[in-house]
Amino acid sequence: MGTLIKNGTVVSAESSAKLDVLIEGETIAAVGQGLNEAGHTVVDATGLLVIPGGIDVHTHLDMPFGGTTSADDYTTGTQAAAVGGTTTVIDFALQNQSSTLKEALEIWLKKSDGKACVDFSLHMAVTNLHGTNGEETLNEMEEMTKAGISSFKLFMAYPNVLMINDELMFRVMEKAASLNALCCIHAENGSAIDVVVARMAAEGKTEPHWHALSRDPKAEAEATHRAIALADMTGAAVYIVHLSNEYALDALEHMQARGARALAETCTQYLVLSLEEQMPGKSWEEAKFVFTPPLREKRHQEPLWKALADGSITVVSTDHCPFTMEQKALGRDDFRKIPNGGPGVENRMQILWHFGVNAGRITPEQFVALSSTNPAKIFGMGGQKGRIAAGLDADVVLWDPNKEYTLQAATQRMGNDYNLFEGWTVKGNAAKVFSRGELVVDNETQPGAFLGATGRGRFVKRECNAGGFA
Ligand SMILES: [Zn+2]
């Protein structure tokens, strides 16, 4: 007794075909033509695409930042993901500089315990090394990989809080190379940026607009090149998170062309929002768009789209880290105190489909690759998720390419009180969402509702595969 999805078009990263999909229990049991209906519940997917559930590899749920905590916990955040067609997220556990990786992992597993509603995994952010030559922490990295954490995050920004120096980065990369783990890099030159930030503050330039101007695209490009060059020296595979502009893209492609094992993601906000349009410097409301890297000039958007089509950038994520306007008001008089981050996990698939596929910039197959198949493969869970294939988890989305949908805070499931794309109408949305075989969202009959039990999401252990290069 299973669920048989009939009459839909199954889209993979390579091709599309009219195929039936049989779900039995938590698993995809069969994919093929004319599968026997006998004994199964039939779901008619006429006019719909059958795609693997989205995977957002960059979220910050229940994350402390600047004296407050992001406005989605594991329950609301993963439900918002599901409503938008995303069935797996990879969140970040953050090492406190004075603590161990093990302590950080315990804290984040506790945050998610009994709360996650779809499957999730964790990257581990390394912010300090303990012991002689960092040995204690470096040895802990190996323990982390045994616990299923195959990617380590390093911040080249936020001095004194999260930023690591080049020595520490190099040591972590050497260790990651020996473990076949992936290094994820927040690439911005935090030291240079802080000089600019301090000068702006001294000159009374305190509105949100200045936050964006204080973080030059070239500070990102410089750090992108440095991270990839150092990783290449150690033999580590490296993944640049939230790449936002053409200069950084140049740095990435330059090193890729020379054989570096370098990957990158960009985020929906950098593809469709801009400094000119969202942050012209006219109001406090622009605090909505204070995140790092900041919004860039509009001219950076098309190169990013082109990189998605060409394959130099292989993942689209969100850096989902929502705050309410009340939380943002911590920096009402000083942009340095505005909590950094914006909402996005619920709208990633819609934005990528509408402005990517509908606009002719990417194909439906590339949409599947960028939103699910590549993230699964790069982050070491391609044997479990990211494709519609027998034996994999039945994370399946029935995608309606013709459904019009208006993005707005009033109806969103995300926990904050604004939407980055407020009032935009897009075409293309998740109709039904299955997470490990369970129908958890049915936007056709109960729009925006999460139908599964709270806490049903499971931690996904990931393999060390050097970002798919190994
Ligand atoms: Zn982030």
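The values are calculated or read from the model by the stated rules, or taken from the named source; none is laboratory data. Source: prediction; values computed, not measured. For neighbour counting, all protein chains shown are included, and Cβ atoms are generated from backbone atoms with ideal geometry for every residue, glycine included. Heavy atoms of the whole protein, side chains included, go into the accessibility calculation; ligands, DNA and RNA do not. Shrake-Rupley method; radii C 1.70, N 1.55, O 1.52, S 1.80 Å.
Out of contact with any Pro (no Cβ under 6 Å at 6 or more places or on another chain), open to solvent by 50 Å² or more (accessible area, probe 1.4 Å) and at positive phi: which single residue out of 165, 160 fits that description? Can you show your working first?
Numbers: 165 fails: at positive phi.
Answer to the check: 160.
Give the stretch 88-98 a look and list any residue that's open to solvent by 10 Å² or more (accessible area, probe 1.4 Å) and within 16 Å of the ligand (Cβ to nearest atom), or say none.
Of all residues in the stretch 88-98, those open to solvent by 10 Å² or more (accessible area, probe 1.4 Å) come to 94, 96-98.
Hit for the stretch 88-98 is 94, nothing else.
Considering 66, 34, which residue is open to solvent by 10 Å² or more (accessible area, probe 1.4 Å) and either charged (D, E, K, R) or at pLDDT below 95 (or both)?
Values: 34 fails: either charged (D, E, K, R) or at pLDDT below 95 (or both).
Answer to the selection: 66.
Cβ-Cβ under 7 Å, sequence separation 6+ or interchain: first residue in the stretch 71-85 and acidic (Asp, Glu), partner surrounded by fewer than 24 Cβ atoms within 10 Å (Cβ to Cβ). Which pairs?
Filtered contacts from the stretch 71-85: 72/415; 73/62; 73/115.
Sort out which residues of the stretch 173-202 are open to solvent by less than 30 Å² (accessible area, probe 1.4 Å) and under 13 Å from residue 157 (Cβ atoms), and write them in order of number.
So in the stretch 173-202, the residues open to solvent by less than 30 Å² (accessible area, probe 1.4 Å) come out as 173, 176-177, 181-188, 190, 193, 197, 200-201.
Scanning the stretch 173-202 gives 185, 186, 187, 188, 190, 193, 197.
Going through 306, 288 one at a time, which residue ends up being touching a residue at least 60 places away in the same chain (Cβ under 8 Å) and away from the ligand (no atom under 16 Å from the Cβ)? Talk me through it step by step, then tell me what you get.
On the way: 306 fails: touching a residue at least 60 places away in the same chain (Cβ under 8 Å).
Answer to the check: 288.
Would a scan of the stretch 355-372 turn up a residue that is within 16 Å of the ligand (Cβ to nearest atom), touching a helix residue (DSSP H, G or I) at 6+ places or on another chain (Cβ under 9 Å), touching a residue at least 40 places away in the same chain (Cβ under 8 Å) and closer than 26 Å to residue 398 by Cβ?
Keep residues of the stretch 355-372 that are within 16 Å of the ligand (Cβ to nearest atom), which gives none.
No: the stretch 355-372 contains no residue that is within 16 Å of the ligand (Cβ to nearest atom), touching a helix residue (DSSP H, G or I) at 6+ places or on another chain (Cβ under 9 Å), touching a residue at least 40 places away in the same chain (Cβ under 8 Å) and closer than 26 Å to residue 398 by Cβ.
Cβ-Cβ distance below 6 Å, separation of 6 or more or different chains: which pairs start in the stretch 170-185 with a residue that is within 20 Å of residue 220 (Cβ to Cβ) and end on one that is of a type in the set (D, E, K, R)?
184/153
Identify, please: which residue in the stretch 327-356 is aliphatic (A, V, I, L, M) and within 19 Å of the chain's Cα centre (by Cα) and is, among those, farthest from residue 195 (Cα to Cα)? Show your work before the answer.
Going residue by residue through the stretch 327-356, those that are aliphatic (A, V, I, L, M) are 329-330, 338, 345, 349, 351-352.
Subset that is within 19 Å of the chain's Cα centre (by Cα): 345, 349, 351-352.
Numbers: 345: 32, 349: 37, 351: 35, 352: 36 Å.
Applying the filter and picking the extreme gives 349.
Taking into account only those residues within the stretch 242-264 that are more than 14 Å from residue 228 (Cα to Cα) and open to solvent by less than 10 Å² (accessible area, probe 1.4 Å), which is farthest from the ligand (Cβ to nearest atom)?
Of everything passing the filter in the stretch 242-264, 245 is farthest from the ligand (Cβ to nearest atom).
For the stretch 1-87, please list each of the strands (runs of 3 or more DSSP E) lying entirely inside it that holds at least 1 residues being over 28 Å from the mean Cα position of the chain (by Cα) and away from the ligand (no atom under 16 Å from the Cβ). Break it down into steps so the answer makes sense when it comes.
Details: elements: 3-6, 9-11, 16-18, 20-24, 27-32, 41-44, 49-52, 54-59.
Fully inside the stretch 1-87 and qualifying: 3-6, 16-18, 20-24, 27-32, 41-44.
So is residue 205 assigned to a loop (DSSP other than H, G, I, E, B), open to solvent by 30 Å² or more (accessible area, probe 1.4 Å), modelled with pLDDT of 95 or more and under 23 Å from residue 292 (Cα atoms) or not? Reasoning before the result, please.
Values: assigned to a loop (DSSP other than H, G, I, E, B): yes; open to solvent by 30 Å² or more (accessible area, probe 1.4 Å): yes; modelled with pLDDT of 95 or more: yes; under 23 Å from residue 292 (Cα atoms): yes.
For residue 205, the condition - assigned to a loop (DSSP other than H, G, I, E, B), open to solvent by 30 Å² or more (accessible area, probe 1.4 Å), modelled with pLDDT of 95 or more and under 23 Å from residue 292 (Cα atoms) - is met.
Given (1) within 22 Å of residue 443 (Cα to Cα); (2) buried (at least 24 other Cβ atoms within 10 Å of the Cβ); (3) of a type in the set (S, T, N, Q), where does residue 374 come up short, assuming only one miss?
For residue 374, the exception is condition (1).
If you scan the stretch 142-156, which residues turn out to be crowded, with 24+ Cβ neighbours inside 10 Å and of a type in the set (Gly, Ala, Ser)?
150, 151
Those residues that are among the aliphatic types (A, V, I, L, M) and either open to solvent by 30 Å² or more (accessible area, probe 1.4 Å) or not in a loop (DSSP other than H, G, I, E, B) (or both), I need them from the stretch 308-336; list them, please. Talk me through it step by step, then tell me what you get.
Within the stretch 308-336, the subset among the aliphatic types (A, V, I, L, M) is 308-309, 313, 315-316, 325, 329-330.
Of everything in the stretch 308-336, those that are among the aliphatic types (A, V, I, L, M) and either open to solvent by 30 Å² or more (accessible area, probe 1.4 Å) or not in a loop (DSSP other than H, G, I, E, B) (or both) turn out to be 308, 309, 315, 316, 325, 329, 330.
Please enumerate the residues belonging to the stretch 384-440 that are over 18 Å from residue 117 (Cα atoms), among the hydroxyl-bearing types (Ser, Thr, Tyr) and touching a Gly at 6+ places or on another chain (Cβ under 9 Å).
Matches in the stretch 384-440: 405, 406, 411, 418.
Take the stretch 14-31 and flag every residue that is of a type in the set (A, V, I, L, M, F, W, C) and surrounded by 19 or more Cβ atoms within 10 Å (Cβ to Cβ).
At the first step, the residues of the stretch 14-31 found to be of a type in the set (A, V, I, L, M, F, W, C) are 17, 19, 21-23, 28-31.
Answer for the stretch 14-31, where residues must be of a type in the set (A, V, I, L, M, F, W, C) and surrounded by 19 or more Cβ atoms within 10 Å (Cβ to Cβ): 19, 21, 22, 23, 28, 31.
Just need a number here: residues in the stretch 277-301 that are open to solvent by less than 20 Å² (accessible area, probe 1.4 Å), of a type in the set (S, T, N, Q) and either in contact with an Asp or Glu (Cβ under 8 Å, 6 or more places away or on another chain) or closer than 19 Å to residue 194 by Cα (or both).
Step one: list which residues in the stretch 277-301 are open to solvent by less than 20 Å² (accessible area, probe 1.4 Å), which gives 279, 286-287, 290-296, 300-301.
If we keep only those that are of a type in the set (S, T, N, Q) too, we end up with 292, 301.
Cutting the leftovers down to either in contact with an Asp or Glu (Cβ under 8 Å, 6 or more places away or on another chain) or closer than 19 Å to residue 194 by Cα (or both) gives us 292.
Of the residues in the stretch 277-301, 1 are open to solvent by less than 20 Å² (accessible area, probe 1.4 Å), of a type in the set (S, T, N, Q) and either in contact with an Asp or Glu (Cβ under 8 Å, 6 or more places away or on another chain) or closer than 19 Å to residue 194 by Cα (or both).
Is it true that some residue in the stretch 134-155 is in the same structural domain as residue 220 (by TED's automatic domain parsing), assigned to a loop (DSSP other than H, G, I, E, B) and within 16 Å of the ligand (Cβ to nearest atom)? Full working, then the answer.
Within the stretch 134-155, the subset in the same structural domain as residue 220 (by TED's automatic domain parsing) is 134-155.
Still in the list and also assigned to a loop (DSSP other than H, G, I, E, B): 147-150.
Cutting the leftovers down to within 16 Å of the ligand (Cβ to nearest atom) gives us none.
Within the stretch 134-155 (the criterion being in the same structural domain as residue 220 (by TED's automatic domain parsing), assigned to a loop (DSSP other than H, G, I, E, B) and within 16 Å of the ligand (Cβ to nearest atom)), the answer is no, since none of the residues qualifies.
Looking only at the stretch 228-241, filter to residues that are assigned to a helix (DSSP H, G or I) and over 24 Å from residue 302 (Cα atoms); which one of those is farthest from the ligand (Cβ to nearest atom)?
Once the filter is applied, the top-ranked residue is 233.
Look at residue 438 and say whether it is of a type in the set (Asp, Glu), surrounded by fewer than 24 Cβ atoms within 10 Å (Cβ to Cβ), within 16 Å of residue 86 (Cβ to Cβ) and modelled with pLDDT of 95 or more. Step through it out loud before you land on a result.
Numbers: of a type in the set (Asp, Glu): yes; surrounded by fewer than 24 Cβ atoms within 10 Å (Cβ to Cβ): yes; within 16 Å of residue 86 (Cβ to Cβ): yes; modelled with pLDDT of 95 or more: yes.
Spelling it out, residue 438 is indeed of a type in the set (Asp, Glu), surrounded by fewer than 24 Cβ atoms within 10 Å (Cβ to Cβ), within 16 Å of residue 86 (Cβ to Cβ) and modelled with pLDDT of 95 or more.
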